[in-house]
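A quick write-up on the structure given underneath.
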Amino acid sequence: MAKRFGTFVRLLGRAAGASAALVALGWAAWRWAATGMPMTPLPGSPWPYLATWGALCLAGCLLLRWATARDGAEGTDYVVAVLAFAGIRLSLAHRPGLTPLWAYAAGALAAGAAAAVLWRRSRRTA
């Protein structure tokens, strides 16, 4: 039991670390873009978008780690973080509503969860 708990804590720590790095990079990109970069963000606080993408990155990292737990795939957190960073840049540049952003993200995470379940079933050893 203690071994499984330690594994879960490591898994959660890595996913939380990737999400925190994503939020820090998103904030830095927002600050840097304010100097006249090609995707100049609209005025206003970036924190609702950074928090949204941080939560989505955490969920995506945990989902991908769970799906690839038996295969021992490394670096999966960073794949999710790179995709979420692209979403942050677009969100801060165009400022869509948070409700549609959460709705689309919930659909994407549901599709990802279905794909993860299918992946785990196909990898099951008899």
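Counting only protein chain heavy atoms and rolling a 1.4 Å probe, the accessible areas of TYR78, TYR49 rank, largest first, as TYR78, TYR49. With a Förster radius of 35 Å applied to the beta-carbon distance between TRP47 and ARG124, the computed FRET efficiency rounds to 0.25.
The values are calculated or read from the model by the stated rules, or taken from the named source; none is laboratory data. Bear in mind that the values here come from a model prediction, so they are computed numbers and not experimental data. Please note: Cβ atoms are built from the backbone with ideal geometry, for glycine as well, and neighbour counts cover all protein chains shown. Heads up: the accessible areas ignore ligands, DNA and RNA and are worked out on the full protein's heavy atoms, side chains in. Shrake-Rupley method; radii C 1.70, N 1.55, O 1.52, S 1.80 Å.
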